[in-house]
1. Relative contact order of the chain: what whole-number percent is it, with Cα pairs under 8 angstrom and at least 6 residues apart?
2. Run down the lysines and flag those whose C-alpha is under 20 Å from the C-alpha of LYS175, throwing out any fewer than 8 positions away in its chain.
3. Pop a pseudo-label 7 angstrom from the Cα along the beta-carbon direction at both SER266 and GLU89 and give the gap in nm to one decimal.
4. Quick check for me: using +1 on Lys/Arg Cβ and -1 on Asp/Glu Cβ, what's the dipole size of the stretch 40-188 about its Cα centre, in debye to the nearest 20?
5. Using Cα atoms only, what is the angle between the long axis of helix 279-292 and the major principal axis of the chain, expressed in degrees (0 to 90) to the nearest 10?
6. Would you please state which residues of the stretch 166-199 a label at LYS144 would reach in this model, taking the label point 7 Å out along Cα→Cβ and a backbone N cut-off of under 18 Å?
7. Only counting other Cβ atoms within 10 Å, I'd like HIS267, HIS128 sorted with the fewest neighbours first.
8. So how tilted is helix 127-144 from the main axis of the chain? Cα-based, degrees 0 to 90, rounded to 10.
Amino acid sequence: MNRILEGRVAIVTGAGRGIGREHALELARQGAKVVVNDLGATLDGQGTSDGPAHEVVGLIREMGGDAVANGADVADFDEAAAMVQQAVETFGGLDILVNNAGFVRDRMLVNTSEEEWDSVIRVHLKGHFAPLRHAGAYWRKEAKEGRQRVARVINTSSGAGMQGSIGQTTYSSAKAGIAGMTIVAAAELGRYGVGVNAIAPVARTRMTEGAFPDMMAEVGGEAPFDPMDAANNSPIVAWLASDDCEVSGRVIEIEGGQICLEEGWSHGPKQDIGRRWEAAQVGDAVRELVARGTAPEPVYGA
């Protein structure tokens, strides 16, 4: 079978469990050498353990692949830099960065503490920025020295970041920020041979098992198919990580066997009166624009 990532080097963050674990295994099946990053924290971000990352490394080696464990806190700027350097020193370079690490501390807005806000924003948003910042600097240096790589970044947003989710103000804000980061990084890094996309995965993991029970579906006479299996997302990530992928700056939602191209903020109806608005005029104008525009997607849980 043709392995679409043969010889490429990948970092997958948060790869010890859930969606990240499936990404690491699929990238290895497709021929990539993988740095398996995981802090080993609990669901709400407490504690550390090197067990999950080493377990995934063991599974990759059992299938004949090559992998090493990494226990960096991806939101620590220096540790993220060392993680990128580990990939370069261990495998001779870096071609793929899959930013996946994160945790949740769900609260209604008026019950969210400052600490909960800071910790969730830190792990998701800064935890995407720091590895991407250092990987991007490496790829820029390679390009300037005549060794431009066909590099790929896959960030992890969420439907919560696209449409919002009741009880997840902080998580939704972080995931919306990741979508914004993705389109800017794609524009900035394209000149160095780097494609940057994001996925919005739907899956049953530690974070969502209460929301997504087992759901088996028959597919055209084939074996039963679980639309909420975390592994459903990883083949799409593998293709996005390949040199066959020319797409960049997009967010793709994945649910079971469905791929949906997200279409985010864009200019809608407008009215220009050629001068400063009077406050009393604004209401009628905005109501008319809203009537002409497309209704937004409903917030999850609304």
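Laboratory data are not the source of any read-out in this text; all were calculated from the coordinates shown. Keep in mind it's a predicted model, so treat the numbers as computed, not measured. Quick reminder, even Gly has a Cβ in these numbers, built from the backbone with ideal geometry, and neighbours come from all protein chains shown.
1. Values: 603 pairs, mean separation 50.1, N = 302.
Taking the mean separation of contacting Cα pairs over the length of the chain, I get 17 percent.
2. Cross-link targets: LYS126.
3. A separation of 4.7 nm, rounded to one decimal place.
4. Values: 13 positive and 19 negative charges, 131 e Å.
Roughly 620 debye for the stretch 40-188.
5. Compared with the principal axis, the helix lies near 60 degrees.
6. Under 18 Å, as judged by backbone N against the label point of LYS144, lie 188-194 of the stretch 166-199.
7. HIS267, HIS128
8. Its long axis makes an angle of about 70 degrees.
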